[in-house]
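The values are calculated or read from the model by the stated rules, or taken from the named source; none is laboratory data. Just so it is clear, the model here is predicted, and its values are computed rather than measured. Cβ atoms come from the backbone with ideal geometry, glycine included; neighbour counts cover every protein chain shown.
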Amino acid sequence: MGQLTDVVLFAIAKQLVHRIAIGCSDITGDDFGTIFGNAIGGEHRGSPLGIADVTYNGCAWSVKTIKNNRPYGMRIARLISGRNSADYSLGIQNPRANPEDTGRAVLSIWNARVNEALNYHDDLRIVVLIRNLQTREFRIFEEEAQRFTPTDFTWRFNKPRNEGNLEGFERITGKHRFTWQPHGSQFTIKRTIPASSRRFAILPNVPIVPLDTILSEIRFDPSWITVYGQD
């Protein structure tokens, strides 16, 4: 756990070099799911089970990527878990009426997604790639996917009336750990980047392969394409 090997990092970097060479200026989270799955010999699921994006030999990973200008200098990672609707899932129609109830509901939705993944896998982890494709700097870490105890946190809106987001704080330390957006229901978890995170870089002079060269290499045939008339 948390010890990503040189072999895995090299396999990830090779796939990034390939994307750079064909002209990709960035990658999505879905792209990284495919890259990580290939690197470990696992399967990237088209439809995640709970939060399980990649599976291998009884283990599952939730795969995240963050774009940042200075990957090596980051200390805190903000991980977006996607849509987390307290109204749709638990019937809370006015989330501002009781911030504590809404916060507990948001965490229960996250915990349910972790539980769903663990119903089918022995282990569940989160792997995060912090990327800057322009400077070719990357940082990656892996850790256990946590379930959170709702009573360990307190919740409040960061702005009055209908403008602010809901924020969750550790009761003991006061640290800001979660943000939930009522509009769009996006849920973000703040994690300290562990000391076990790994860094790697790609030289900036990776050549871009022209389109015509790629088509020539695959012996492109115009008959592969069918252009249909207007409907």
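Here are a few things to note about the model shown:
- Of all residues making up segment 7-66, the number that are assigned to a strand (DSSP E or B), touching a residue at least 40 places away in the same chain (Cβ under 8 Å) and either of a type in the set (S, T, N, Q) or on the phi > 0 side of the Ramachandran plot (or both): 3
- For the criterion of being within 20 Å of Asp101 (Cα to Cα) and charged (D, E, K, R), Asp122 fails.
- Only one of Gly168, Gly174 that is on the phi > 0 side of the Ramachandran plot and of a type outside the set (D, E, K, R): Gly174
- Inclusion of Ser185 among residues that are farther than 28 Å from Asp53 by Cβ and of a type in the set (Gly, Ala, Ser) is not warranted.
- Look at segment 106-128: where a residue is farther than 15 Å from Arg191 by Cβ and a partner is in a loop (DSSP other than H, G, I, E, B) and of a type in the set (Lys, Arg), sitting 6+ places away or on another chain with Cβ atoms under 8 Å, you get Asn111/Arg147; Asn115/Arg147.
- Within segment 1-51, considering residues that are of a type in the set (Val, Ile, Thr) and under 14 Å from the mean Cα position of the chain (by Cα), the one surrounded by the most Cβ atoms within 10 Å (Cβ to Cβ): Ile35
- Filter result for Asn205 (at pLDDT below 95, outside any loop (DSSP other than H, G, I, E, B) and surrounded by fewer than 18 Cβ atoms within 10 Å (Cβ to Cβ)): no
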